[in-house]
1. Sort through I42, I34 and tell me the only one that's in contact with a helix residue (DSSP H, G or I) (Cβ under 7 Å, 6 or more places away or on another chain) and either of a type in the set (K, R) or at pLDDT 85 or above (or both).
2. So which of I328, I341 is at pLDDT below 95 and within 21 Å of K268 (Cβ to Cβ)?
3. Is it the case that segment 299-322 has a residue that's hydrophobic (A, V, I, L, M, F, W, C), part of a helix (DSSP H, G or I) and out of contact with any strand residue (DSSP E or B) (no Cβ under 9 Å at 6 or more places or on another chain)?
4. I'd like to check something: does segment 393-402 contain any residue that is within 12 Å of the ligand (Cβ to nearest atom) and either surrounded by fewer than 20 Cβ atoms within 10 Å (Cβ to Cβ) or under 26 Å from M122 (Cβ atoms) (or both)?
5. Within the set of pairs 6 or more residues apart or between chains, which connect a residue that is on the phi < 0 side of the Ramachandran plot and of a type in the set (S, T, N, Q) inside segment 236-248 to a residue that is assigned to a helix (DSSP H, G or I) and near the ligand (Cβ under 8 Å from one of its atoms) with Cβ atoms less than 6 Å apart?
6. Assuming T141 fulfils every condition listed in (1) away from the ligand (no atom under 16 Å from the Cβ); (2) modelled with pLDDT under 95; (3) among the hydroxyl-bearing types (S, T, Y) apart from one, which condition is it?
7. Consider only pairs whose beta carbons are under 7 Å apart and that are at least six residues apart or on different chains; among these, list those whose first residue lies in segment 255-274 and is farther than 18 Å from P289 by Cα and whose second residue is outside any helix (DSSP H, G or I) and among the charged types (D, E, K, R).
8. Find all pairs meeting these conditions: Cβ atoms under 6 angstrom apart; at least six residues apart or on different chains; first residue within segment 49-66 and surrounded by fewer than 17 Cβ atoms within 10 Å (Cβ to Cβ); second residue in a helix (DSSP H, G or I) and not hydroxyl-bearing (S, T, Y).
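The values are calculated or read from the model by the stated rules, or taken from the named source; none is laboratory data. Remember, it's a predicted structure, so these values are computed and weren't measured experimentally. For neighbour counting, all protein chains shown are included, and Cβ atoms are generated from backbone atoms with ideal geometry for every residue, glycine included.
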Amino acid sequence: MSTPDELILEIMTTPEGRRNPYPLYAQLQEQAPIARSELADIWFLARYDDCHNVLRDPRFGKSDPDKPMTLLPGGAPRSRLKFARDSMLLLNPPDHTRLRGLVAREFTPRRVERLRDNVETMCDDILDAIAEAGEVDLMDTLAFPLPVRVIGELLGVPEDERDAFRPLTLAAAKSIEPDVTEEEMVTANAAGQQQADYFTDLIARRQEDPGDDLLSALIELRDGGDRLSQSELIATAILIFAAGFETTTNLIGNTVNTLLRRPDQLAKLRQDPELIPSAIDEVLRFESPVQLDLRVAFEDVQLHSHTIREGDAVITLLAAANRDPSKIDHPNEFDITRSQIPLMSFATGIHYCLGANLARMEGQAVLNKLLNRFNTIELLDTEPAWRDRLTLRGLDQLNVAVG
Ligand code: HEM
């Protein structure tokens, strides 16, 4: 039997563990659902209720940017990227409350709903090109370009300037992986700086020539003296752009991959397209695009029989919580007919994903269009090609033939 630290190391540091962490999460859930690692002052929570409670508990929050944390022995200290100091994702109340409130005021369900027709047209264009090619890597041709166009449209990033973000976002996102190296931190910071420079310039252009986009609306807030600073504006633009496509790209890839590997579920969906919304939620549960989240304790907290000390880090294993057998029957079965899915993929509490509706809408639109457009979609690879990352887990390639 493995010790909790052996399991944690296998999940966090081995390609096999990252490729398929689920049996290891299940072992943690059984043997040590609240595990304090001997490797560092870190707790790992594998059960739904514990993750839920910690993420909603004001005695936990985001770490102090001046105290970089090392999550694994030999790993680089996860310092905060410079521009990200003013990102709502990493702030605590009251700054978080103020900034999120201002952005949420503009990032309304109406603005998201207005995008739906656009998303469908964008899907049609992309699927035309895929139909013509016949055999494609769906990650490259659909899962990446669609969310980038959508978020570019929402935010007001001109079309020919969007694709350049992919390598930058991938490099910057490495900074939130537990096994990030010092060299990768340097690259991540440089990528973050390039994004900050880009948005500084775009903000200046939008100020001259405002549009009907979110960035122009946020600029107006800043200029209206609504306590949104220039650096908060830049950090918000980078966050929304990055959060808006990397995760959604992985949701789209996971949706197609998971369904094609389960023909019975795909057949059910073709028979009853009303199941599309629950199918997308089931993909989110089954293959969480964000596998884990991190908090620190602001004071000593008693969690069942354990005392989490002030300053200790806590990793909530969102993807493990999604498969907690005490919360959901047969958690390792993928079943698109489930109702009331307990979902931790968008986290919970004050940092609950601001783009959850948009991500769901995109996932549903893509799936609907794919099923309508193609009678057959066949996988060309026997094994899924997972990218070697854990926090933002997704496919590197998804080669298919369509007909
Ligand atoms: C499948 C797609 C997505 C997943 C799985 C996802 C997941 C998450 C998670 C887990 C968090 C919480 C992080 C934390 O607690 O530290 C979060 C926060 C956030 N997400 Fe998403 N996200 C997705 C799509 C999007 C989209 C499309 C947008 C925007 C356009 C977006 C914008 C944000 C923002 C702004 C936050 C920060 C909220 C805050 O700190 O208050 N996300 N997301």
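1. I34
2. Details: I328 fails: at pLDDT below 95.
After ruling out the rest, the residue left standing is I341.
3. no
4. Of segment 393-402, the ones within 12 Å of the ligand (Cβ to nearest atom) are 393-394.
Then keep just the ones that are either surrounded by fewer than 20 Cβ atoms within 10 Å (Cβ to Cβ) or under 26 Å from M122 (Cβ atoms) (or both); that gives 393-394.
Checking segment 393-402: at least one residue is within 12 Å of the ligand (Cβ to nearest atom) and either surrounded by fewer than 20 Cβ atoms within 10 Å (Cβ to Cβ) or under 26 Å from M122 (Cβ atoms) (or both).
5. T236/V103; T248/P147; T248/A359; T248/E362
6. Tallying (1) away from the ligand (no atom under 16 Å from the Cβ); (2) modelled with pLDDT under 95; (3) among the hydroxyl-bearing types (S, T, Y), T141 fails exactly one: (2).
7. Note: no pairs meet the criteria.
8. R56/G349; P65/R85
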